[in-house]
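K.L.:
Have a look at the structure that comes next, please.
The values are calculated or read from the model by the stated rules, or taken from the named source; none is laboratory data. Quick caveat: nothing in here was measured; it's all calculated off a predicted structure. Here the Cβ is made from the backbone with ideal geometry for all residues, glycine too, and neighbour counts use every protein chain on show. These area figures cover heavy atoms from the full protein model, side chains too; ligands, DNA and RNA do not enter into them. Shrake-Rupley method; radii C 1.70, N 1.55, O 1.52, S 1.80 Å.
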Amino acid sequence: MNNMAQPARGNAAEASAQEATVALLMAQGQCDLRTIERARRVATESGQRVEAVLVQLGMVTERDLAQVYATTLALPLASPRRYPAEPLHAGRLNPRFLRQVRALPLEQQGATLVLALADPFDSFTPAAIAAATGCTIRLEVAVPIELEAALDRLFPEGATAAEAESAAQPLEEDAERLKDLASEAPVIRLVNQLIARAVETQASDIHVEPFEDRIRVRYRYDGVLHEADSPPARLTAAIVSRLKIMARLDIAERRLPQDGRIKLAVRGQEIDFRISTIPSLHGENVVLRVLDRSAVALDYARLGLPAPVVSRLGKALELPNGIVLVTGPTGSGKTTTLYTGLLGLNSVARKIVTIEDPVEYQLAGISQIQVKPQIGLSFAALLRSILRQDPDVIMVGEIRDLETAEIAVQAALTGHLVLSTLHTNSAAATITRLRDMGLEDYLLAAVLRGVLAQRLVRRLCPHCCREGAAPAPLVQRFGLAARAAALGQAEPRLWHAVGCDQCRNTGFRGRQAIAEFLVPDAEVERLVFSRADHATIERAAVAGGMVPMFDAGLDAALTGVTTLEEVVRSIRTEG
């Protein structure tokens, strides 16, 4: 009998280890006693293990469970780099069997075969593979999403070559044929895998881009795109059609852009996806935005906004009327910041209405309206109608034109608090942008209560970041000595990204906001009336207490939150 690295199924050791797994999940704060009891009832009825039910209910992620398995059973956790470039024992181990039992050989070490197994309590699979290969088995715990990605790479589409070919023949691409292609099991499995991988690895977007020789799939992590394994080009029509069917889009229309939404339960979590398609040379580009409410931090501290900025923003939001703006480029977290502010304002005594394009996250107790320009529901039209509903607070997704700006100003002048976003590079530039739209200076001065400008920078991974002395040229160029002294540091020191398994070898994990908040005091108002440029307005705001965004970024670099290179890249200035 070959050595097994886990207890036999059904014995007392296994039961004890499973109880230890549940206890460790509770100790780590993954779930509470009430959740465990609920899972036990479901497990008794369904015959499943408690921890498996917790994953299905979305209470625990598969990655967290794999880490707890590894700790409880004293087994290594298989990292993505452990999976082989070529299948091991391909002639003896059937790919369909490996998929079914969720196992994959990682490495041959003499007479020992290292096996990644998603369920380390499964004693049958190691015994069967030991019998088939004649090797002693040593186990490592697999994260299911990484294991499935490796299986898809080593055994494409999870089917035989004949099945894959029949699923993807580029036959006449009418609507019925596209439906047939998209309904093939290998295509459905591949698309589900793409989506599950994005959710499990906390990607914010999935980009599917067809080229002549392949389909490029990229995931966006912390604002930066990373390429994944590329499916063959012959699957382009099938994959795009499958995604369109899921979003209830017109699969026969491939000449025009389309937008839609998908709602799925992925690994036990309810996730929304916003999908956009656009025609390109070799097919349609598809981008899916992952709208995972559980991964969104609607809290100022978790967003990384400093206390002085939060204090100024909070005071502006407490005012009974006026306009508060959040500015920055696309993807800088403007909507998340506004949502956080709205949650703080939300109460029975206030009627809050939002106009968004699109509605990204549903907020309990707040009336949210989706813009539909194709039927005349523009920001301006909706804003005009909403004023008749007597709201206290109005959020306008974006001020894009003079008409919307003027109605927002009228709303503010008639006793409403209006929140909105604008695409500008700084808080001071917001004033000149509104002026360029055609808004009168006296109206600006009358209604503007505050402008928050922000960017998102990647946070350094706490597991692998490295500290070092700041090079003299950088100290001089960015004035780091003075900023370090203001932070109470003896000398300026900078931190550097390294890379490890915890951060996908990027050196970064998560993002946080770097921001500045402009309060239009008397001096700023005087400059607005005199039609001063944004640089002059910014100097006056700094004199009035505003910490410029770039200086806030330098502080984040000096305190080890991020790197100086990341600050320069994200804020696009050199001080």
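K.L.:
Out of the residues in the stretch 253-302 that are assigned to a loop (DSSP other than H, G, I, E, B) and within 30 Å of Pro144 (Cα to Cα), which is modelled with the highest pLDDT?
P.N.:
Going through the qualifying residues, I end up with Leu298.
K.L.:
Can you find even one residue in the stretch 393-401 that is in contact with a Ser or Thr (Cβ under 6 Å, 6 or more places away or on another chain) and acidic (Asp, Glu)?
P.N.:
Within the stretch 393-401 (the criterion being in contact with a Ser or Thr (Cβ under 6 Å, 6 or more places away or on another chain) and acidic (Asp, Glu)), the answer is yes, since at least one residue qualifies.
K.L.:
Moving to a separate point now. Could you look through the stretch 262-277, keep only residues that are touching a strand residue (DSSP E or B) at 6+ places or on another chain (Cβ under 6 Å) and not hydroxyl-bearing (Ser, Thr, Tyr), and pick out the one that is most open to solvent (accessible area, probe 1.4 Å)?
P.N.:
Lys263
K.L.:
Residue pairs, Cβ under 7 Å, 6 or more apart or interchain, first in the stretch 370-395 and of a type in the set (Lys, Arg), second assigned to a helix (DSSP H, G or I) and modelled with pLDDT of 85 or more. List them.
P.N.:
Hits for this filter: Arg384/Ile407.
K.L.:
Follow-up. So Leu235 passes all but one of these: (1) buried (at least 19 other Cβ atoms within 10 Å of the Cβ); (2) under 30 Å from Leu54 (Cβ atoms); (3) touching a residue at least 60 places away in the same chain (Cβ under 8 Å). Which condition number does it fail?
P.N.:
If we test Leu235 against (1) buried (at least 19 other Cβ atoms within 10 Å of the Cβ); (2) under 30 Å from Leu54 (Cβ atoms); (3) touching a residue at least 60 places away in the same chain (Cβ under 8 Å), just (2) comes out false.
K.L.:
Continuing with this model, one more query. Is it the case that Gly331 is within 24 Å of Arg455 (Cβ to Cβ), part of a loop (DSSP other than H, G, I, E, B), of a type outside the set (Asp, Glu) and out of contact with any Gly (no Cβ under 6 Å at 6 or more places or on another chain)?
P.N.:
It is true that Gly331 is within 24 Å of Arg455 (Cβ to Cβ), part of a loop (DSSP other than H, G, I, E, B), of a type outside the set (Asp, Glu) and out of contact with any Gly (no Cβ under 6 Å at 6 or more places or on another chain).
K.L.:
Taking Arg197, is it within 21 Å of Arg63 (Cβ to Cβ) and at pLDDT below 85?
P.N.:
For Arg197, the condition - within 21 Å of Arg63 (Cβ to Cβ) and at pLDDT below 85 - is not met.
K.L.:
When only residues in the stretch 47-77 that are under 22 Å from Val266 (Cα atoms), in a loop (DSSP other than H, G, I, E, B) and of a type in the set (A, V, I, L, M) count, which is most open to solvent (accessible area, probe 1.4 Å)?
P.N.:
Met59
K.L.:
Criterion first (touching a helix residue (DSSP H, G or I) at 6+ places or on another chain (Cβ under 6 Å), modelled with pLDDT under 65 and in a helix (DSSP H, G or I)) does Glu157 satisfy it?
P.N.:
Yes: the conditions hold for Glu157.
K.L.:
Within the stretch 115-134, does at least one residue satisfy the condition of being closer than 24 Å to Leu24 by Cα, within 38 Å of the chain's Cα centre (by Cα) and of a type in the set (Ser, Thr, Tyr)?
P.N.:
Yes - at least one qualifying residue is present in the stretch 115-134.
K.L.:
Just checking, how many residues over the stretch 224-246 are more than 14 Å from Ile188 (Cα to Cα) and not in a helix (DSSP H, G or I)?
P.N.:
8
K.L.:
What number of residues in the stretch 91-136 are open to solvent by 60 Å² or more (accessible area, probe 1.4 Å), among the small types (Gly, Ala, Ser) and part of a loop (DSSP other than H, G, I, E, B)?
P.N.:
Selection size over the stretch 91-136: 4.
K.L.:
Determine which single condition Cys464 fails, assuming it passes every other condition in (1) of a type outside the set (S, T, N, Q); (2) under 30 Å from Asp401 (Cβ atoms); (3) open to solvent by less than 30 Å² (accessible area, probe 1.4 Å).
P.N.:
Going through the list (1) of a type outside the set (S, T, N, Q); (2) under 30 Å from Asp401 (Cβ atoms); (3) open to solvent by less than 30 Å² (accessible area, probe 1.4 Å), Cys464 breaks only (2).
K.L.:
Give me the pairs: first residue in the stretch 103-130 and of a type in the set (Asp, Glu), second residue outside any loop (DSSP other than H, G, I, E, B) and open to solvent by 10 Å² or more (accessible area, probe 1.4 Å), beta-carbon distance under 7 Å, and six or more apart or on different chains, which are they?
P.N.:
Qualifying pairs under 7 Å: Asp122/Val101.
K.L.:
Looking only at residues that are within 25 Å of Arg511 (Cβ to Cβ), of a type in the set (D, E, K, R) and open to solvent by 40 Å² or more (accessible area, probe 1.4 Å) in the stretch 210-228, which one is modelled with the lowest pLDDT?
P.N.:
Out of the qualifying residues, it is Glu227.
K.L.:
Out of curiosity, is Leu288 in contact (Cβ under 8 Å) with a residue 24 or more places away in the chain and open to solvent by less than 60 Å² (accessible area, probe 1.4 Å)?
P.N.:
When the stated conditions are applied, Leu288 passes them.
K.L.:
Filter the stretch 528-551 for residues that are open to solvent by 20 Å² or more (accessible area, probe 1.4 Å) and of a type in the set (A, V, I, L, M); which is nearest to Ile431 (Cα to Cα)?
P.N.:
Among those that are open to solvent by 20 Å² or more (accessible area, probe 1.4 Å) and of a type in the set (A, V, I, L, M), it is Ala535.
K.L.:
If you check Ser280, Ser241, Ser332, which single one turns out to be more than 23 Å from the chain's Cα centre (by Cα), surrounded by 15 or more Cβ atoms within 10 Å (Cβ to Cβ), under 29 Å from Gln374 (Cβ atoms) and of a type in the set (Ser, Thr, Tyr)?
P.N.:
It is Ser241.
K.L.:
Related question: Could you identify the single residue in Pro120, Pro126, Pro76, Pro95 that is in contact with a Phe, Trp or Tyr (Cβ under 7 Å, 6 or more places away or on another chain), of a type outside the set (Ser, Thr, Tyr) and farther than 16 Å from Ala149 by Cβ?
P.N.:
Being in contact with a Phe, Trp or Tyr (Cβ under 7 Å, 6 or more places away or on another chain), of a type outside the set (Ser, Thr, Tyr) and farther than 16 Å from Ala149 by Cβ holds for just one of Pro120, Pro126, Pro76, Pro95, which is Pro120.
K.L.:
Select from the stretch 310-356 the residues that are more than 19 Å from Ile571 (Cβ to Cβ) and touching a Ser or Thr at 6+ places or on another chain (Cβ under 6 Å) and list them in ascending order.
P.N.:
Once the filter is applied, which keeps residues that are more than 19 Å from Ile571 (Cβ to Cβ) and touching a Ser or Thr at 6+ places or on another chain (Cβ under 6 Å), the stretch 310-356 yields only Val353.
K.L.:
Moving on. Evaluate the following for Leu305: is it surrounded by 15 or more Cβ atoms within 10 Å (Cβ to Cβ), modelled with pLDDT of 85 or more, touching a helix residue (DSSP H, G or I) at 6+ places or on another chain (Cβ under 8 Å) and part of a loop (DSSP other than H, G, I, E, B)?
P.N.:
yes
K.L.:
Could you please give the count of residues in the stretch 78-90 that are touching a residue at least 24 places away in the same chain (Cβ under 8 Å) and in a loop (DSSP other than H, G, I, E, B)?
P.N.:
Qualifying residue count, the stretch 78-90: 8.
K.L.:
Okay, moving on. Could you check the stretch 487-527 and list, in sequence order, the residues that are closer than 30 Å to Leu319 by Cβ, open to solvent by less than 20 Å² (accessible area, probe 1.4 Å) and touching a strand residue (DSSP E or B) at 6+ places or on another chain (Cβ under 9 Å)?
P.N.:
Hits for the stretch 487-527 are Ala513, Ile514, Ala515, Glu516, Phe517, Leu518, Val524.
K.L.:
Suppose we keep only residues that are among the aliphatic types (A, V, I, L, M) and outside any strand (DSSP E or B) within the stretch 308-328. Which one would you say is farthest from Glu566 (Cα to Cα)?
P.N.:
The residue in question is Leu319.
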